[in-house]
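*Asks:* Pasting a structure here, questions to come.
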Amino acid sequence: MAHLELSTRTSPAGLATRRLTLDSKQALDRFLADVERRAFLMARMATGSAEEAMDIVQDSMLQLVRHYGGRDESEWAPLFHRILQRRIYDWYRRTRVRNRWRHWFRRDDDAGDDPLEQQVDPAAADPADALAAERTFADLEAAIAALPLRQQQAFLLRAWEGLDTEQTARAMGCSEGSVKTHYSRALQALRERLKDYDER
Amino acid sequence: MSEPTEKDLREAAVRLLRERERNLDELTVARLRAARRRALEAQPGRRRPGLAAAGGLVAAGLAFGLAGVVWLQTPSELPLPTPVDASGADLDLLVSESPDFYSDLEFYRWLASQTDAG
């Protein structure tokens, strides 16, 4: 995969005058066709919902084309992942607000935890329900899905997309140090969780 | 059994990804393809008219909010970014939400750097 010098400067005035040429449209089509399934899987793992994931991916593709379609091809991957991760982050924020209102009206205790650090994905179902042949994949998928969002993002961008620390930091909109921390914690959590599965 | 290494986990994750990609149901694949087609019909820099006005209002609100924060906080309370630090990358996302906000934001960043230098 070719990613990655991400320019952080843009010119809205320039963007407004750009239009996709046939060549760039074909290149964008190829790029999106290559990335769309992984993006969907990533979003579904984060949200636990195929519908939410579809909306997130669709919107991310639209935003990329609309705002960065005229950019150099080498910039699309990091920009797309940045938009995608931002969309997933927005979903968590909305979910957090919604859950707070629910807690308020139900008068349940609101732990006040940051969902980015604490929320366990609803897709993290009991892997015991998975088919036997799927056991290993289901265990790993459940373990990844159960990671806090930032750890999950760091792990998937590194493992699935093959981004290095700097590129992951750009995609996640945080420092390289934060990426290292999230990634390290993700690895440790996965080790612990998969060890638990293995011992069952 | 010993704990899996980083290499083990990454390789297993890639195998999982390939397996899940391969087994995505046809309906999802078709919906992704349709979403891609719709996205490609969009033109760079073109925004929906109804959103333009709303985006302007949101941008103005954000601008005033940011100005308020910068104005009220002392430099020791609010570490301000240098013009070329990593926070510049965040501008891309702001631009994607509201391109018109970019010029205003540039101004407030300049104002903040002037305050910081002062």
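Taken together, the values in this text are just the output of simple stated rules run on the coordinates, not laboratory data. No experiment lies behind these values; they were computed from the predicted model shown.
*Asks:* Using a cut-off of 18 Å between alpha-carbon atoms, which lysines can reach B:LYS7, once sequence neighbours fewer than 8 places away in the same chain are excluded?
*Replies:* A:LYS180, A:LYS195
*Asks:* Which of the three applies to region A:150-190, rounded, prolate or oblate, going by the alpha-carbon gyration tensor with a ≥ b ≥ c and a/c under 1.5 meaning rounded? Kindly include the intermediate steps, with their values, before the conclusion.
*Replies:* Working: a/c = 1.97, a/b = 1.27, b/c = 1.56.
Here region A:150-190 falls in the oblate category.
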